[in-house]
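Visitor: Shown below is the structure under consideration.
The values are calculated or read from the model by the stated rules, or taken from the named source; none is laboratory data. Quick caveat, the model's predicted, so the values are computed rather than measured. Virtual Cβ from ideal backbone geometry, glycine too; neighbours counted across all protein chains shown. In case anyone asks, the SASA skips ligands and DNA or RNA and just uses the protein heavy atoms, side chains included. Shrake-Rupley method; radii C 1.70, N 1.55, O 1.52, S 1.80 Å.
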Amino acid sequence: MLFLYRLFDLHRPYGCSRIESIDDGVGQIAREFDGVTGLAEVEKIRVLGFSGSLRKASHNTGALQAALELVPAEMELEIFNIAPIPLYNHDVSEQEGFPLAVEEFRQKIAAAAALLIVTPEYNYSIPGVLKNAIDWASRPPNQPFNGKPVAIMGAGAGFGTARAQYHLRQVCFYLNMFPLNKPEVMIQRTWEKFDADGRLTDEETRKQIKALLEALVPWAQRFKVAV
């Protein structure tokens, strides 16, 4: 702590500089405090995002790509492609260990402070490729989903993947993840909101995704996940 020595006519302890005015004192305190704590550079929340669709021009992957463009300053978003993950086979994991793609996926989940999952909806539920990736990654030892905050969104179907998202929340519950409840991003009428290449063009939907990402920052900070 710094003192205004001139005002109180006190001797300065070794190493302290004389402060000529209250304004100078406040400024010096701010500079020294910032130098000690490093507040000028706030550590970003590391988020891992992945899409449950493998289609090249997928609207869900397009929504995830849009999230990359909309991340708040406090967040760092990395996208992982689950396509190389093979179908789950316990014999493989038991005899050979995790396939390389699965091991990489597990490591990236473990290193992230939070997750962003984008899911299509097939037959009122999440697609098999997404469930398969989660099943592989969640195998013991040290399943990496435990304690992770997660944001969920999706594009397609009559209700914007609402039913798939609620099924995904059940999976999150079992794996001890903590889904962000609000805002919900359920993108309907996708043919009006994405172009032929799968790029999100609808400004209102982009605002919804941005709001979701902004809400994920304090949600992840609240759980203070150790990575």
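Visitor: Starting from the amide H of Val150, placed 1.01 Å from N in the peptide plane, find each other amide H under 5 Å away whose residue is 5 or more places distant or on another chain.
Guide: So Val150 has HN proximity to Leu115, Phe178, Leu180.
Visitor: To the nearest 0.05, what FRET efficiency results for Asp195 and Asn81 with a Förster distance of 25 Å applied to their C-beta separation?
Guide: 0.75
Visitor: Additional query: Determine, from the Cβ-Cβ distance of Asn176 and Gln107 and an R0 of 22 Å, the FRET efficiency 1/(1 + (r/R0)^6), rounded to the nearest 0.05.
Guide: After rounding, the FRET efficiency stands at 0.70.
Visitor: So, one more: I'd like the carbon and sulfur percentage of the solvent accessible area for the range 44-85, probe radius 1.4 Å, heavy atoms only, ligands and nucleic acids excluded.
Guide: 50
Visitor: Name all residues of the range 162-192 having a backbone nitrogen under 15 Å from the label point set 7 Å from the Cα of Tyr124 along its Cα→Cβ direction, giving them as ranges.
Guide: It comes to 162-168, nothing else.
Visitor: A further question follows. How many angstrom separate the Cα center of the range 167-227 from the Cα center of the range 92-111?
Guide: 25
Visitor: Next question. Using a 7 Å offset from Cα along Cα-Cβ at Leu54, what residues in the range 73-105 end up with backbone N under 12 Å from the label point?
Guide: From the range 73-105, the list is 82-88.
Visitor: With a sphere of radius 12 Å drawn around the Cβ of Pro144, what net charge do the other residues whose Cβ falls strictly inside it have (Lys, Arg +1; Asp, Glu -1)?
Guide: For residues surrounding Pro144, the net value is +2.
Visitor: How many percent of the accessible area of the range 125-218 is carbon or sulfur, using a 1.4 Å probe?
Guide: C and S atoms contribute 53 percent here.
Visitor: Follow-up. Would you tell me the accessible area of Tyr88, worked out with a 1.4 angstrom probe on the heavy atoms of the protein chains, in Å² to the nearest 10?
Guide: That residue has around 80 Å² of solvent-accessible surface.
Visitor: Specify whether the C-alpha gyration tensor of the range 84-128 places it in the rounded, prolate or oblate class, a ≥ b ≥ c being the square roots of the eigenvalues: rounded for a/c under 1.5, otherwise prolate if a/b is larger than b/c and oblate if not.
Guide: oblate
Visitor: Then there is this: Using the heavy atoms of the protein chains alone and a 1.4 angstrom probe, what is the accessible area of the range 93-188 per residue in square angstrom?
Guide: Value for the range 93-188: 44 Å² per residue.
Visitor: Could you tell me which of rounded, prolate or oblate describes the range 84-164, using a ≥ b ≥ c as the square roots of the eigenvalues of the alpha-carbon gyration tensor, with rounded for a/c under 1.5 and, failing that, prolate when a/b is larger than b/c and oblate otherwise?
Guide: oblate
Visitor: Could you work out the local net charge near Tyr124, counting Lys and Arg as +1, Asp and Glu as -1, over the other residues with Cβ closer than 15 Å to its Cβ?
Guide: Around Tyr124, the surrounding residues sum to +2.
Visitor: Sorting Phe80, Phe98 by accessible area (1.4 Å probe), largest first, what list results?
Guide: Phe98, Phe80
Visitor: Let me know the shape class of the range 35-111, please: from the alpha-carbon gyration tensor, a ≥ b ≥ c as square roots of the eigenvalues, rounded when a/c is under 1.5, otherwise prolate if a/b is greater than b/c, or oblate.
Guide: Oblate shape, in that a/c is at least 1.5 and b/c is the bigger or equal ratio.
Visitor: Using a Cα-Cα cut-off of under 26 Å, which lysines could be cross-linked to Lys193, ignoring same-chain neighbours fewer than 8 residues away?
Guide: Lys56, Lys182, Lys207, Lys210
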